[in-house]
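Chemist: If you scroll down you'll find the structure; I have some questions about it.
The values are calculated or read from the model by the stated rules, or taken from the named source; none is laboratory data. Small disclaimer: the values here were computed from a predicted structure and weren't measured. Positions of Cβ are backbone-derived with ideal geometry, glycine not excepted, and every protein chain shown enters the neighbour counts. SASA here: full protein model, heavy atoms, side chains in, ligands and nucleic acids out. Shrake-Rupley method; radii C 1.70, N 1.55, O 1.52, S 1.80 Å.
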Amino acid sequence: MQDFEKLGVFYLGKEYDLEQKKLQEDLVLYKSKNLTTHAVIIGMTGSGKTGLGIGILEEAAIDNIPVIAIDPKGDLGNMALTFPQLRGEDFQPWINLNEASNKGLTAAEYAQSQADLWRKGLSDWGQDGNRIEKLRSAADVTVYTPGGSAGPGVSVLRSFNAPSEQVRNDKDAFRDRINITSTSLLSLIGLECDPFTSREHILISNILENVWNSGQNLDLPGLINAIQAPPIEKVGVMDLESFYPSKDRFSLAMMLNNLLASTSFKAWLEGEPLDVNRFLYNEIGKPRVSIFSIAHLPDNERMFFVTMLLNEVLSWARTQPGTGSLRAILYMDELFGYLPPTANPPSKAPLLTLLKQARAFGLGLVLSTQNPVDLDYKALSNAGTWFIGRLQTERDKERVLAGLEGAAAGGKFDRRRTEQILAGLGQRVFYLHSVHEEAPVIFNTRWTLSYLAGPLTRDQISSLTNNSGINQASDSLSYNTIPQQNADNLNSVPPVLPPQVQQVYLPVNAGDAGNLVYMPSVIGIANVLYNSTKYGVTASKSYTLLAPVKEGPVALDWNEAEPMDIDLRDLDNKPFDGAYYTDCPAAAANARSYDTWKKLFNQFIRTNLKLKLLSNPKLKVVSEAGEDERDFRVRLQHLAHEQRDDALEALKKKYASKIDVLEEKHRRAEQAVEKQNTMANQRKVEAAVSAGTAILSALFGRKSVNATSISRAGTAVKSTSRAFKSSQGITQVQETLESIETQLEELQLELEQQVEKISNDYDMLQENLEELEIRASSGDITVQLVCLAWVPYKKGEDGIMIKA
């Protein structure tokens, strides 16, 4: 089996002859970058729709393309059932015991029969356990159960995080985010609200806009409080009380409070935060397949979760740089109810926006359904690829034909022929229509690498997922408590210091005001510019360090300082009332000390605070300041995909002229044949033309470049040569075709070498990275502040000081 993922193509199956009802040997290979124009899968129950969808996701995972999959029916969890050794005992926990009983088999016997069936099925389609192992190694598969406890949860209601600054600066994107969040939240409490007429929607939208504009996050309790005491005084030109009296606002707040207090909704507060980046890649940058199983949820909660997830995906996509290669896939296993033609459920707005905009950011949507009637086909006309399987009713066929006709607007579409094709489709046989190809293709889907056990039960999902391995967010916040010296001598007034000694006070949380004690330290704040012509890096960083000051010959050592996440503007000029103070060391009371400490601070930054970056020599890319290894590896993987796709396009252009030469030789051979016997002429010309067609399709057609089509081209040429040898007097033509055969063999070898080189050059997942260090020059260090800083501590009952 060829490693087609090296070529940036997905192995979907083989062509199928509808008239002969026969499987062909031509492989159907779909370019991954074509999926950026989105795809639709339509087929009735039993058509093989789920198998096709899982096959696409398997190919994406092998090609290191991450996936977010929404699973309303519970079938996609089968992607976690991959057994490279194909042993019966591996299949046994997932088999249908009723089917085993009906066949008169024990569980072990039936499991072994399923293992044998999978081994044979894979072999028939040129696959084996090694490809399953490759899939397992390429991506992590996790089945989440939001709002449930069978699998890892998703914390959706804990926090309505402020969108990124990039989204806030985009007025349309920011408005969409506010409207979608407000609509989905209100739908959760049973309110179907119009954004233009609903007081509830307008109020919540204004609260979110006010809070998010300040860059702050808002949790559900905070939203409830904000509804009762909004941070706004007017709505439009009307005062708040006239627009929405406090008594009515209290009723809305109570509805949300009841939601928060409900035991059934505690699950929505637990689990991983709704972070799309973390769902796409794990902590080391390895691609993930994150499946969100929502079959256990009632309709209103499904709609809420799907809308919130789509909203987050949309915000994530808008922060990505533009690309023509596939960056990630969003898969939805049942679209019915989420994109209707006339109604406007909360999910419709983000879906419409994603269908129109996501392609620019490399996000491909694959939307699947078994209910083709109640869909917005105008929206789906944005999809460039349609996979149509067996349909149930004539009404279904009419709706699908209308959708295909809309998607093919401006292109060729034979409605009558397409109607005949759709009528003849059988199980696992699909009609593939793509705007990227000249003609549609009928194909039979390949055997899936994953075991298709059907919808997973709650117990199966629980056994599948090791919940302890999932990072669960904590509801409680703790102080960075550091035991300090036992302070016996405390003063109720601050020590008297010379006016030349500048003093600042670190901020205090209101809840920490009791038993507050200030202890002296020295704070240093600086802006540093790092510049390297060699690596093409220019970056700036801000540092805030807090160093302990003490009595003795070395009163301060910047090596003992700790970094602080605090800005110059956060510092206070006055202490908190009622606080106590410890004594100030003599060196800290001397203004001249700070001049020395400032010079030492500059020297410490220059010597110790180097900008550490990562480099990939193969792609000649250096990480950005603040970009950790995980994010750098994620960026490298997509950059490698882009460059691989470009390299393959360049490879095709490189061989275009050689193809032209071969075609010219075919033409000359054809002219020579025309002088011979008419019957022989027909036979020989067809053979010659078949050779040219094979190599052309290999390089430029739907099947892309692969050894199978090249080999088929060589076979065609050999058959041509044999055909001509059977006649007399055409030695020159024979020599010409033999020359073509030689060139084809050389071309095959060249292509194999080039493809292998491209594959090796752009395999970034295991690539070793180099560490770089850039030191700032003294002139590029701007020290903003070095002064005495009073640090607040809380005095415990045992007298131990704990940082507040």
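Chemist: Tell me, in nm to one decimal, what length is gained between ASP140 and ASP595 on full extension, where the rule is 0.36 nm per residue of separation less the Cα-Cα distance?
Modeler: 158.3 nm
Chemist: For a test of the definition: using alpha carbon positions, the gyration tensor, and the 1.5 limit on a/c, classify region 341-452 as rounded, prolate or oblate.
Modeler: Judged from the Cα gyration tensor, region 341-452 comes out rounded (a/c under 1.5).
Chemist: Next question, about the same structure. Determine, from the Cβ-Cβ distance of ASN344 and LYS234 and an R0 of 25 Å, the FRET efficiency 1/(1 + (r/R0)^6), rounded to the nearest 0.05.
Modeler: 0.30
Chemist: Mind ordering 270-279, 105-114 by average Cβ neighbours within 10 Å, highest first?
Modeler: 270-279, 105-114
Chemist: Also, I was wondering about something else. Could you give the accessible area per residue of region 489-589, probe 1.4 Å, as a whole number in Å²?
Modeler: Here the per-residue accessible area is 56 Å².
Chemist: Tell me which aspartates and glutamates have Cα within less than 12 Å of LYS73's Cα, excluding those fewer than 8 residues away on the same chain?
Modeler: Hits, sequence-local ones excluded: ASP333, GLU334.
Chemist: If each of SER778 and LEU749 carries a label point 7 Å out from its Cα toward its Cβ, how far apart are those two points in nm?
Modeler: 6.5 nm
Chemist: For region 391-460, which trypsin sites (Lys or Arg not before Pro) pass both filters: DSSP loop (anything but H, G, I, E, B) and at most 14 other C-beta atoms within 10 Å?
Modeler: LYS412
Chemist: Quick one: of LYS541/LYS574; LYS31/LYS654; LYS378/LYS412; LYS33/LYS397; LYS541/LYS610; LYS412/LYS654, which pairs are farther than 22 Å apart, Cα to Cα?
Modeler: Listed pairs above 22 Å: LYS541/LYS574; LYS33/LYS397; LYS412/LYS654.
Chemist: Efficiency by 1/(1 + (r/R0)^6): what FRET value for ILE189 and ASP631, r their Cβ-Cβ distance, R0 = 30 Å, to the nearest 0.05?
Modeler: 0.20
Chemist: Subtract the Cα-Cα distance of ASN760 and GLU209 from 0.36 nm times their separation in residues, and report this length gain in nm to one decimal.
Modeler: 193.5 nm
Chemist: Just flag the chymotrypsin sites (Phe, Trp or Tyr not before Pro) in region 141-198 sitting in loop per DSSP whose Cβ has no more than 12 other Cβ atoms within 10 Å.
Modeler: Here the sparse-neighbourhood loop sites are PHE196.
Chemist: Given R₀ = 30 Å, FRET efficiency for ASN559-LYS534 by Cβ-Cβ distance, to 0.05?
Modeler: About 0.55, to the nearest 0.05.
Chemist: Once label points are set 7 Å from the Cα along Cα→Cβ at both LEU23 and THR393, what is their separation, rounded to one decimal in nm?
Modeler: Label at LEU23, label at THR393, 3.4 nm between them.
Chemist: Applying the Karplus parametrisation 6.51 cos²θ - 1.76 cosθ + 1.60 with θ = phi - 60° to the phi angles of region 232-246, what ³J(HN,Hα) value in whole Hz is obtained for each residue in order, glycine and proline being reported as x?
Modeler: These are the phi-based 3J(HN,Hα) values: 10, 9, 10, 10, x, 9, 9, 6, 4, 5, 6, 6, 8, x, 4 Hz.
Chemist: Here is a follow-up. Using modelled backbone amide H atoms (1.01 Å from N, in-plane), which distant-in-sequence or interchain residues come within less than 5 Å of TYR16's amide H?
Modeler: Residues meeting the criterion, in which the H sits 1.01 Å from N, are GLN24, ILE442, PHE443, ASN444.
Chemist: Can I ask one more? For LYS550, which aspartates and glutamates qualify as cross-link partners when the Cα separation must be under 18 Å and same-chain residues fewer than eight apart are set aside?
Modeler: Within reach: ASP488, GLU560, GLU562, ASP583, ASP595.
Chemist: Once Rh for region 519-586 is found with the Kirkwood sum over Cα pairs, what is the Stokes-Einstein diffusion coefficient at 25 °C and 0.890 mPa s, in µm²/s?
Modeler: Value of D from the Cα-based Kirkwood radius: 166 µm²/s.
Chemist: So for the pair SER739, ARG415, with labels modelled 7 Å out along Cα→Cβ, what separation do we get in nm?
Modeler: Distance between the two pseudo-spin positions: 5.2 nm.
Chemist: Rg and Dmax in Å for region 1-100, alpha carbons only: what are they?
Modeler: 15.8, 43
Chemist: Enumerate the lysines that LYS21 could reach by cross-link, defined here as Cα to Cα under 20 Å, with residues fewer than 8 away along the same chain left out.
Modeler: The qualifying lysines are LYS49.
Chemist: Cβ under 10 Å from THR418's Cβ, THR418 left aside: what net charge do those residues give with Lys, Arg +1 and Asp, Glu -1?
Modeler: Cβ neighbours under 10 Å give a net charge of +1.
Chemist: In whole percent, how big is the carbon plus sulfur part of the accessible area of region 1-62, probe 1.4 Å, protein atoms only?
Modeler: It is 42 percent, rounded to a whole number.
Chemist: How large is ³J(HN,Hα), in whole Hz, for each residue of region 258-263 in order, when computed from phi with the Karplus curve 6.51 cos²θ - 1.76 cosθ + 1.60 and θ = phi - 60°, using x for Gly and Pro?
Modeler: These are the phi-based 3J(HN,Hα) values: 4, 4, 5, 7, 5, 5 Hz.
Chemist: Here is a follow-up. Which GluC sites (Glu not before Pro) in region 336-434 pass both tests, a DSSP loop state and at most 12 other beta-carbon atoms within 10 Å?
Modeler: Sparse-neighbourhood loop GluC sites (Glu not before Pro): none present.
Chemist: Amide H of GLY454: which non-local residues (sequence gap of 5 or more, or other chain) have their own amide H closer than 5 Å, using H built in the peptide plane?
Modeler: Result for GLY454 returns nothing.
Chemist: Related question: If you wrap a convex hull around the Cα atoms of region 556-661, how much volume per residue is inside, in Å³?
Modeler: Spread over its residues, the Cα hull of region 556-661 gives 189 Å³ apiece.
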